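The values are calculated or read from the model by the stated rules, or taken from the named source; none is laboratory data. A quick note: this is a predicted structure, and the numbers were derived from the prediction, not measured. Neighbour counts are summed over all protein chains in view; Cβ atoms, including those assigned to glycine, are modelled from backbone coordinates with ideal geometry.
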Amino acid sequence: MSDYIETEDVSRINKGKVFFDANIWIFIYCEIANTNKTKVNKYSKVFKTLIKAKNPIVIDLTIISEFVNRYLRIAYNNHIHKNKLPKTFDYKRKYRKTSDFNEAWENVCNIVNYKILPYTEIINFEYDRKSLAALLDSANLDTDFNDNHIMNLCLKNKMYLLTDDGDFKKSGINIISANNIYWK
């Protein structure tokens with residue numbers, strides 16, 4: 001049975017490992033996003049609480065990739081809106097050549113290098129053919145490929161997942177969240 005913990009009760013996990021989903025890093029460090037300020041404050045407080053309590057905060061390459069790509073897509077959408085460009089303004093061929101992209105890239109790299117990595121443990125999961133095929137199993141249609149990977153990591157390493165994503169409700173993993181779906 002999964003344990004669902006509200007963000008205000010995070011101290012209950014007493015030294016347990018916490019895997020941070022990419023959406024949490026967006027709430028905490030993507031100042032260019034139009035995010036829910038209440039959730040920004042809640043997740044920032046959880047981050048500080050876990051650091052102070054010396055709970056291991058865990059990430060992997062998938063999370064860094066999702067965070068970086070999402071941050072850059074938000075910067076791209078902001079660039080289009082600010083400059084009144086058509087939605088057809090190509091991300092790869094045009095936006096990546098702009099000074100706006102270069103600034104966003106430098107900002108997100110600094111966030112990862114100086115605000116995330118110093119406080120986290122990096123974990124890896126070694127897949128073989130059988131375990132990788134399990135991620136592609138059609139029985140996992142409620143979640144996407146990366147979510148299945150995150151569930152594997154959390155289950156194998158007995159970690160809590162800090163997420164705002166409601167897709168994990170039926171996952172069987174322990175969740176910390178400010179998303180009310182876990183209490184419905």
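Values as computed for the structure displayed
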quantity	calculated
Residue identified as at pLDDT 95 or above, in contact with a Ser or Thr (Cβ under 9 Å, 6 or more places away or on another chain) and buried (at least 19 other Cβ atoms within 10 Å of the Cβ) among S171, S177	S177
Which listed residue is farther than 18 Å from I173 by Cβ and crowded, with 17+ Cβ neighbours inside 10 Å, from V58, V40	V40
Selection count where residues are basic (K, R) and assigned to a helix (DSSP H, G or I), scope region 149-184	1
Condition met for K15 (touching a residue at least 24 places away in the same chain (Cβ under 8 Å) and of a type in the set (K, R))	yes
Those residues of region 96-118 which are surrounded by fewer than 14 Cβ atoms within 10 Å (Cβ to Cβ) and either over 30 Å from I80 (Cβ atoms) or hydrophobic (A, V, I, L, M, F, W, C) (or both), in sequence order	C109, L117, P118
Residues satisfying the stated conditions in region 1-28, i.e. loosely packed, with under 14 Cβ neighbours inside 10 Å and under 15 Å from I57 (Cβ atoms)	S11, N14, K15
Hey, N55 among the polar types (S, T, N, Q), closer than 21 Å to L153 by Cα, touching a residue at least 12 places away in the same chain (Cβ under 8 Å) and assigned to a helix (DSSP H, G or I) or not	no
Only listed residue being closer than 19 Å to D167 by Cα and hydroxyl-bearing (S, T, Y), chosen from T38, T49, T7	T7
Selected residue (only one of E121, E126 is touching a Pro at 6+ places or on another chain (Cβ under 9 Å), of a type in the set (D, E) and within 23 Å of K158 (Cβ to Cβ))	E121
Tally, over region 61-85, of residues that are among the hydrophobic types (A, V, I, L, M, F, W, C) and either over 15 Å from F19 (Cα atoms) or without any contact (Cβ under 8 Å) to a residue 40 or more places away in the chain (or both)	6
Top-ranked residue in region 31-46 [being touching a residue at least 60 places away in the same chain (Cβ under 8 Å) and not hydroxyl-bearing (S, T, Y); ranked as farthest from K82 (Cα to Cα)]	V46
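Residues checked against (1) of a type outside the set (D, E); (2) within 30 Å of N78 (Cβ to Cβ); (3) in a helix (DSSP H, G or I):
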{"residue": "D9", "(1), (2), (3)": "no, no, yes"}
{"residue": "R12", "(1), (2), (3)": "yes, no, yes"}
{"residue": "K15", "(1), (2), (3)": "yes, no, no"}
{"residue": "N23", "(1), (2), (3)": "yes, yes, yes"}
{"residue": "I28", "(1), (2), (3)": "yes, yes, yes"}
{"residue": "I32", "(1), (2), (3)": "yes, yes, no"}
{"residue": "T38", "(1), (2), (3)": "yes, yes, yes"}
{"residue": "N41", "(1), (2), (3)": "yes, yes, yes"}
